[in-house]
Every structure is written in structure tokens, then in C-alpha cells.
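Worksheet for the structure shown next.
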Amino acid sequence: LAKKASNKKPTKTQEENEGLKVEILNVLTNEGATVTEIQSKSEVLGGLSNQRVSALLRQLIADGKVVKTVDKKKSYFSLV
């Protein structure tokens, strides 16, 4: 079992998501933006659903690259 787990390569979707995360980081500023604002700043991200962009942002938060701030029930994302 240990051998199988060590030979795993990223799936096609995981590789695509890494590229999208880079695009999100390029769009984000220190001011903070909502998911919709992030999507409107990039053509690539504009074609994605809000849920997918939110999931990618959640992964970036877990990696410590993005900070989430909630103000009056609205979530703002900014660079660390």
C-alpha cells in the first residue's frame, strides 16, 4: 500500500487548478476583493463558477497565501 501511495501523480484537473491558483494570485491585491470581483478582473476566471473559484481560494487560504476577511456577511480575499 505504501508503494502505491508514493507513486501518485497529480491528475489533469489538479494540474489545471494549480494554473488557476496562479491566476488568482496575480489578480488579488492587498485591498481585498470578493469572488465576483476576482472573476470580473480575469477572463480565465470569469469562465469558472463561483463555487470553483471559492474552492481554489479555500485551498490558497490553507496554504497561507491568501487571507479571508468577513465584513457584514461579505467575504473579502487579499494577499498575505
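Within the shell defined by Cβ-Cβ distances under 14 Å, the residues around Ile61 carry a net charge of +3, with Lys and Arg each +1 and Asp and Glu each -1. Cross-linked pairs Lys12/Lys72; Lys12/Lys41; Lys9/Lys73; Lys41/Lys73: Cα-Cα separations exceed 31 Å for Lys12/Lys72; Lys9/Lys73. Across the range 72-80, coupling constants 3J(HN,Hα) worked out from phi with the 6.51/-1.76/1.60 Karplus curve, θ = phi - 60°, read 6, 6, 10, 8, 10, 10, 9, 6, 5 Hz, and Gly and Pro carry x. The range 5-50 gives an Rg/Rh value of 1.11, both radii derived from C-alpha positions and Rh following Kirkwood.
Would you mind telling me the share, in percent, of accessible area of the chain contributed by carbon and sulfur at probe 1.4 angstrom? With neighbouring chains kept in place, the figure for the chain is 51 percent. By the helix-only formula, in which each DSSP H run with n ≥ 4 contributes -39500 (n - 2.57) and the sum is divided by residues, the chain has a 222 nm mean residue ellipticity of -16000 deg cm²/dmol. Per residue, the accessible area of the chain comes to 73 Å² when a 1.4 Å probe rolls over the protein heavy atoms. Directionally averaged projected area (the range 34-80, Cα convex hull): 3.2 nm². Considering the chain at the alpha-carbon level, its Rg and Dmax are found to be 14.5, 49 Å.
The values are calculated or read from the model by the stated rules, or taken from the named source; none is laboratory data. Keep in mind the model is a prediction, meaning the values are calculated, not measured. Please note: Cβ atoms are built from the backbone with ideal geometry, for glycine as well, and neighbour counts cover all protein chains shown. These accessible areas exclude ligands, DNA and RNA; they are computed on the full protein's heavy atoms, side chains included. Shrake-Rupley method; radii C 1.70, N 1.55, O 1.52, S 1.80 Å.
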